[in-house]
Amino acid sequence: MPKAGLILGIESSCDETAAAVVRSGEELLSNAVASQFTAHQQYGGVVPELAAREHLRAIVPIVRQALAEAKVTLDDIDAIAVTQGPGLAGALLVGITYAKALAFAAGKPIIAVNHLEGHIHAVLLEERQRGNHQVNFPLLALVVSGGHTHLYLAAIQGDGWSYENIGRTRDDAAGEAFDKVAKLLALGYPGGPVIDMLAKHGNAQAVKFAPVQLKGKPRNISKKQPARSPDAYTFDFSYSGMKTSVLRYVETHGLQAGIDARRAALANISKPTLEDYLRLCNQQTLDLVASFQRGLVDDLIAKTLHAAQECEVATLFVTGGVAANSELRTSFEKRAAMEGVAVSFPSRKMSTDNAAMIAAAAYPKFLAEAFAEEEFSAEAGLVLR
Ligand code: KG4
Ligand code: ZN
């Protein structure tokens with residue numbers, strides 16, 4: 001019978017300050033998230049210094065809220081889990097410093113968690129909540145967020161998990177492409193949810209976006225996998241070209257004046273609604289947005305399913321902020337079913353950054369007593385292995 005670990009998770013890697021309490025990697029007692037949306041909105045992207053300052057402001061109340069909602073005190077907690085990286089160094093440091101202070105004051109062990117492993121465990125946490133404790137390997141996880149577009153082959157190693165990064169973006173992450181295209185078209189920040197909402201009102205076939213196929217040897221592919229031809233496609237992604245294609249379309253189709261007018265109008269609306277956006281976007285813009293989303297989603301699905309087939313995976317997870325995208329979810333489910341692969345997503349709330357995923361990912365480490373050294377610090381470029 002595994003030990004029941006009551007874990008307080010803390011996450012501050014980017015623009016969400018989050019705290020959560022999870023028991024035994026499966027029972028969610030609370031999941032509190034403070035978004036910095038309004039602080040960064042006017043800049044059209046995350047400003048690192050501002051993010052650190054906002055985390056400082058939010059960290060104490062958010063941890064209190066998570067404990068209160070879980071109806072527990074710090075005394076009841078068995079361990080404190082905190083995101084070590086990857087992410088913004090200053091932002092990570094706020095969470096780590098506060099977690100260390102709490103751990104020291106309350107005499108609790110501390111567990112350092114990789115943010116990307118957290119996204120993978122968001123899916124596992126919810127699968128367990130549904131009573132599904134069986135994970136079939138090999139497992140392939142597509143982690144697709146504002147900072148990452150990574151394919152990991154996961155395996156069980158000892159008490160924990162090990163990961164092989166078999167594909168990643170060579171330039172922009174998928175979420176970054178959503179955000180940059182939204183900024184370019186003056187649709188606000190973060191761009192993913194707005195584009196998701198507006199794409200439903202456009203013709204996705206109106207503009208063609210050709211996928212970028214990168215040839216060569218896939219990175220890190222395990223020797224256990226079948227041999228591939230040297231000129232087969234890799235499982236790497238590339239999305240900066242799509243942003244340039246959108247820009248070219250804007251220039252050649254005279255959309256700039258409409259973009260400037262929209263930017264000016266949106267500056268006076270603090271929380272624009274779908275109706276506001278629809279009033280401020282002509283059909284050509286909606287078609288462009290729908291086509292961009294379709295192109296990106298198709299490419300993510302095609303490359304992931306290609307990797308899933310070559311690696312003969314038994315389970316496929318799709319997670320990270322972009323996994324909240326409606327078209328990605330429906331198309332992925334349809335196409336994976338056609339190819340006989342089972343695909344799991346986190347719920348929308350669990351797709352974007354949160355601390356429940358950090359507390360869940362810490363549980364195997366808690367069982368293995370893999371606690372962090374006192375002097376551990378933030379690692380902006382932490383690699384998942
Ligand atoms: O995982 P996350 O919250 O933070 C990072 O670790 O990056 O992901 C944030 C990213 C942003 O780029 C945001 O635009 C994107 O996820 N995103 C979406 C949607 N919701 C959030 N992208 C497309 N469709 C969505 N519905
Ligand atoms: Zn994330």
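Using the Cβ-Cβ distance between THR330 and GLU374 with R0 set to 35 Å, the FRET efficiency from 1/(1 + (r/R0)^6) comes to roughly 0.15. Against the chain, whose longest principal axis is taken from its Cα atoms, helix 89-106 shows a tilt of about 20°. Between 0 and 90 degrees, the angle of helix 174-184 with respect to the longest Cα principal axis of the chain falls at about 50 degrees. Legend: residue pairs LYS208/LYS334; LYS183/LYS243; LYS108/LYS349; LYS303/LYS334, Cα-Cα distance threshold 18 Å; pairs beyond threshold, LYS208/LYS334; LYS108/LYS349.
Accessible surface calculations at 1.4 Å, restricted to protein heavy atoms, place the stretch 139-313 at 45 Å² per residue.
To test your reading of the geometry: what angle, between 0 and 90 degrees and rounded to tens, separates the Cα axis of helix 283-310 from the longest principal axis of the chain? The helix 283-310 is inclined about 50 degrees to the chain.
With contributions of -39500 (n - 2.57) from each DSSP H run of at least four residues, the per-residue ellipticity at 222 nm computed over the chain stands at -14000 deg cm²/dmol. Dipole size of the stretch 188-342 about its Cα centre, with +1 on Lys/Arg Cβ and -1 on Asp/Glu Cβ: approximately 340 debye, rounded to the nearest 20.
Among the protein heavy atoms of the stretch 139-313, carbon and sulfur supply 52% of the accessible surface, probe 1.4 Å, non-protein parts ignored. Restricting to the chain, what percent of DSSP beta bridges are antiparallel, rounded to 5? Antiparallel: roughly 65 percent of the beta bridges in the chain. Look at the alpha carbon pairs under 8 Å that are at least 6 residues apart: their mean separation over the length of the chain gives a relative contact order of 26 percent.
The values are calculated or read from the model by the stated rules, or taken from the named source; none is laboratory data. Model, not experiment: these values are computed from the prediction. Using ideal geometry, Cβ is built from the backbone for each residue, glycine included, and neighbour counts are taken over all protein chains shown. Please note that ligands, DNA and RNA were not included when accessible areas were found on the heavy atoms of the full protein model with its side chains. Shrake-Rupley method; radii C 1.70, N 1.55, O 1.52, S 1.80 Å.
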